[in-house]
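Below is one structure, written out as structure tokens, with a few remarks after it.
The values are calculated or read from the model by the stated rules, or taken from the named source; none is laboratory data. These numbers come from a predicted model, not from an experiment. As a convention, Cβ positions derive from the backbone with ideal geometry for all residues, glycine included, and neighbour counts pool all protein chains shown.
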């Protein structure tokens with residue numbers, strides 16, 4: 001019997017298929033050395049352009065991160081995770097963990113740079129229907145913000161467990177310790193018509209990095225805070241557990257999520273400098289609306305959507321790292 005083979009690309013990932021077997025290769029592994037090996041039907045092949053790359057996909061992961069794709073190098077874990085979701089090769093909770101990103105992504109098309117092997121650079125593939133306990137889920141602004149707030153709370157609680165109570169969430173989705181950035185979150189959604197099918201949650205968290213170059217006065221790592229090195233793999237799994245605990249409240253305690261988010265909101269009650277277009281102004285941070293807009297007071301109360309205003313440095317309060 002002749003087996004038909006074909007290949008296609010989703011974003012930056014190339015997929016090779018031969019009848020009843022499959023292999024996955026990143027753009028850094030164009031030859032996919034195992035693509036002609038025999039595997040049981042439905043079993044993805046491993047690839048080894050990098051000696052430690054592993055692919056594990058159990059049929060029904062019970063916890064976030066139970067199914068992990070570990071990569072030595074990739075352009076963006078969000079790109080990779082999105083490709084897996086589009087190709088039907090991811091399930092709820094599948095994680096992509098990379099040692100190095102060559103084109104990491106931040107909010108509003110900004111880049112994200114991290115020292116190779118020193119930080120958590122991970123993306124999770126999630127199904128909103130599982131988290132909200134209903135199907136289909138329409139992508140409303142209120143649900144999208146509750147989801148974002150639950151993710152941010154999970155990241156904050158993970159980091160605070162090691163760095164202490166001076167860990168905050170800076171609107172919209174940055175992780176801060178005191179006045180310095182310790183990480184960021186990027187959520188990208190996959191829709192089918194009006195239905196919210198998947199959410200790809202990218203997290204970049206500074207763990208063992210000690211030199212941030214031009215950002216040395218604005219960034220901080222867990223190592224700088226605690227004075228010790230940390231095991232990235234173990235912390236990544238710990239992060240998955242914290243996210244799972246926080247996201248489990250979406251269906252049962254949405255009001256509590258927003259209350260807890262405000263409790264750790266960076267600069268809440270403080271007067272901060274902001275920029276809107278060419279205008280710079282001072283305003284007190286009041287909180288965040290139910291649909292995710294930042295509430296500011298500067299003679300009157302106004303609410304701003306993501307991208308309408310940006311924070312202006314220096315941010316309060318400036319304190320040295322112990």
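Within the range 287-303, not a single residue is at pLDDT below 95 and either assigned to a strand (DSSP E or B) or in the same structural domain as residue 200 (by the TED database) (or both). All of (1) under 26 Å from the mean Cα position of the chain (by Cα); (2) not in a helix (DSSP H, G or I) hold for residue 283 with one exception: (1). Filtered by the rule that a residue be touching a strand residue (DSSP E or B) at 6+ places or on another chain (Cβ under 7 Å) and farther than 24 Å from residue 232 by Cα, the range 132-172 gives 136, 137, 138, 139, 147, 171, 172.
Just one residue in the set 198, 230 is touching a strand residue (DSSP E or B) at 6+ places or on another chain (Cβ under 9 Å), surrounded by 12 or more Cβ atoms within 10 Å (Cβ to Cβ) and at pLDDT 95 or above; that residue is 198.
If we keep just the residues of the range 116-137 that are surrounded by fewer than 16 Cβ atoms within 10 Å (Cβ to Cβ) and farther than 22 Å from residue 87 by Cα, which is modelled with the highest pLDDT? Here the answer is 117.
In the set (1) in contact (Cβ under 8 Å) with a residue 60 or more places away in the chain; (2) surrounded by fewer than 19 Cβ atoms within 10 Å (Cβ to Cβ); (3) more than 27 Å from residue 270 (Cα to Cα); (4) under 17 Å from the mean Cα position of the chain (by Cα), the condition left unmet by residue 189 is number (1). Residue 205 meets each of the listed conditions (1) under 22 Å from residue 102 (Cα atoms); (2) surrounded by fewer than 18 Cβ atoms within 10 Å (Cβ to Cβ); (3) under 19 Å from the mean Cα position of the chain (by Cα) apart from (2).
Do we have residue 232 as in the same structural domain as residue 164 (by the TED database) and in contact with a helix residue (DSSP H, G or I) (Cβ under 6 Å, 6 or more places away or on another chain) here? So residue 232 fails the test.
So is residue 217 outside the structural domain of residue 162 (by the TED database), assigned to a loop (DSSP other than H, G, I, E, B) and touching a strand residue (DSSP E or B) at 6+ places or on another chain (Cβ under 9 Å) or not? No: the conditions fail for residue 217.
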